[in-house]
Amino acid sequence: MAKGNPLLDRVRKTLKDIQETTKKTEGLWKPTGEHTIRIVPYKYDKDFPFISLYFHYGVDGKNYLSPKSFGKPDPFEEFADKLVQTKDKSSYQLSRTLRAKLRVYVPVLVRGEENEGVRFWAFGKNTYEEILKIMNDPDYGDITDPATGTDLVVVFQSAEEAGNSFGKTTIRAKRHTSPLADDEKTAEKFLSEQKNITDIFKLPEYDELKDILESWLANKPEEKEEATEEKEEESAESTEAMKKAETAFETLFNKKK
């Protein structure tokens with residue numbers, strides 16, 4: 001069998017990674033500084049524009065969309081449940097690492113960047129709650145209405161500016177209502193020409209995620225720190241926890257074969 005070309009294989013992999021990254025980011029928007037935006041009714045769920053997605057972050061340097069987002073079984077979540085049942089402190093901490101984290105997406109139109117079309121803005125629980133409070137205020141009504149909705153002013157401060165580790169996002173609603181666009185034809189275009197969120201984020205198959213989890217557990221890097229008696233004890237505890245985790249993995253998933 002002819003050997004593959006290592007350089008060509010690396011080129012192909014790099015090209016694929018770039019294309020996948022471009023595909024994911026071209027439909028997304030991230031605030032920097034101050035912007036005025038309009039939340040747009042979601043084409044694929046006109047009753048509610050917010051899309052709650054769960055992700056497994058930092059698994060071998062990658063992020064994976066969890067099937068939990070769509071009410072489907074997720075081997076990471078099943079394994080985390082199994083670890084909790086062991087009632088072992090280290091296993092419990094590992095289970096928290098494995099849990100999928102919530103990220104909320106909403107289709108928005110950024111004022112001054114209408115030529116970019118409708119994009120998805122992602123945020124966490126605090127920003128989500130802030131927007132929902134505005135929407136729940138009877139003074140504003142349906143802020144997503146294409147004819148009589150309300151624009152929002154989004155101000156993002158970097159971690160350095162906010163004096164914390166994550167930055168800070170503040171939201172305020174405009175005092176007056178406004179149409180989504182200057183004419184109905186353009187407004188209809190913004191409503192109809194939207195991506196489905198699943199066009200941006202690929203949902204892995206159950207078995208694919210199970211293999212990723214197994215590989216991650218087998219190759220989980222050990223933290224290297226200055227050697228002390230306490231650190232040696234912690235390292236031993238960590239090693240023992242990983243052994244328990246591997247045993248739990250085999251017990252859980254071998255039953256599913």
Residue list for region 142-192, restricted to those being touching a Gly at 6+ places or on another chain (Cβ under 9 Å), of a type outside the set (A, V, I, L, M, F, W, C) and farther than 18 Å from Val106 by Cα: Thr148, Gln157, Ser158, Glu160, Glu161, Thr177, Ser178, Pro179
Working carefully through the options Ser95, Ser178, Ser91, Ser165, find the one that is out of contact with any Cys (no Cβ under 8 Å at 6 or more places or on another chain) and modelled with pLDDT of 95 or more. Ser178
A careful count of residues in region 187-216 that are open to solvent by 40 Å² or more (accessible area, probe 1.4 Å), touching a helix residue (DSSP H, G or I) at 6+ places or on another chain (Cβ under 8 Å) and part of a helix (DSSP H, G or I) gives 2
How many of the residues in region 47-63 are in contact (Cβ under 8 Å) with a residue 24 or more places away in the chain and of a type outside the set (Val, Ile, Thr)? 9
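I need the full set of residues from region 47-81 which are in contact with a strand residue (DSSP E or B) (Cβ under 7 Å, 6 or more places away or on another chain) and in a helix (DSSP H, G or I), in order please.
Listed by number, the residues that qualify are Lys68, Ser69, Phe76.
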Output the helices (runs of 4 or more DSSP H) that fall wholly within region 82-179 and possess 1 or more residues being over 29 Å from Phe70 (Cβ atoms) and open to solvent by 20 Å² or more (accessible area, probe 1.4 Å), or say none. 89-98, 159-162
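The values are calculated or read from the model by the stated rules, or taken from the named source; none is laboratory data. Note that this is a predicted model, so its numbers are computed, not measured. Glycine also receives a Cβ, built like all others from the backbone with ideal geometry; neighbour counts cover every protein chain displayed. These area figures cover heavy atoms from the full protein model, side chains too; ligands, DNA and RNA do not enter into them. Shrake-Rupley method; radii C 1.70, N 1.55, O 1.52, S 1.80 Å.
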